[in-house]
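The values are calculated or read from the model by the stated rules, or taken from the named source; none is laboratory data. As the structure is a prediction and not an experimental result, all values here were calculated from the model. No Cβ is skipped: glycine too gets one built from the backbone with ideal geometry, and neighbour counts run over all protein chains shown. Calculation scope for accessible area: heavy atoms of the full protein, side chains included, ligands and nucleic acids excluded. Shrake-Rupley method; radii C 1.70, N 1.55, O 1.52, S 1.80 Å.
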Amino acid sequence: MNFPAELKYTKDHEWVRVEGDEAVIGITDFAQRELGDIVFVDINTVGEEVPANEVFGTVEAVKTVSDLFMPVTATVLAVNEAIDASPELVNSDAYGEGWIIRVKLSNPADVDALLSADQYKEEINA
């Protein structure tokens, strides 16, 4: 499994790539493997500020639906339009083209409390 060192991670299996006062968020390689084939991603929080640890959407796999949790308090700016047309991008490129949302961070320093790649690996026993 892949765990890019430049990303931050949550115990709920989301990843965060900070870009100034914005960030891109997706689900980890581990999460997409556990879920199986992703068939639909539903995000209905665009334009809303979502508190840390609250649900910002769902991801549907062939056999299950799973909530997506906001890693830090942020306003959802955009959904990755590519995954609307091809949700399988989450499976094939979880850390690249398979990102899920772009957000404006309410407090960029909150990202520091998230897990490093090594801490996340320990969390999932990888």
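Side notes on the structure shown:
- Test result for Ala82, touching an Asp or Glu at 6+ places or on another chain (Cβ under 7 Å) and open to solvent by less than 30 Å² (accessible area, probe 1.4 Å): no
- If you go through segment 58-76 and keep only what is assigned to a strand (DSSP E or B) and surrounded by fewer than 14 Cβ atoms within 10 Å (Cβ to Cβ), you end up with Val65, Asp67.
- Per the conditions (1) part of a helix (DSSP H, G or I); (2) under 20 Å from Tyr120 (Cα atoms), the sole criterion not satisfied by Asp84 is (2).
- Among the residues making up segment 43-57, those that are open to solvent by less than 40 Å² (accessible area, probe 1.4 Å) and either at pLDDT below 95 or not polar (S, T, N, Q) (or both) are Ile43, Val50, Ala52, Phe56, Gly57.
- Scope segment 32-51; condition within 25 Å of Asn2 (Cβ to Cβ) and not charged (D, E, K, R); matching residues: Gln32, Leu35, Gly36, Ile38, Val39, Phe40, Val41, Ile43
- Listed by first and then second residue, the pairs linking a residue in segment 98-122 that is more than 21 Å from Val79 (Cβ to Cβ) to a residue that is outside any loop (DSSP other than H, G, I, E, B) and open to solvent by less than 20 Å² (accessible area, probe 1.4 Å), with Cβ atoms under 6 Å apart and 6 or more places separating them unless they lie on different chains, are Leu115/Tyr9; Tyr120/Tyr9.
- For Glu14, the criteria (1) surrounded by fewer than 16 Cβ atoms within 10 Å (Cβ to Cβ); (2) at pLDDT 95 or above hold in every case but one, which is (1).
- Scanning segment 31-42 for residues that are assigned to a helix (DSSP H, G or I) and crowded, with 20+ Cβ neighbours inside 10 Å returns Ala31, Gln32, Leu35.
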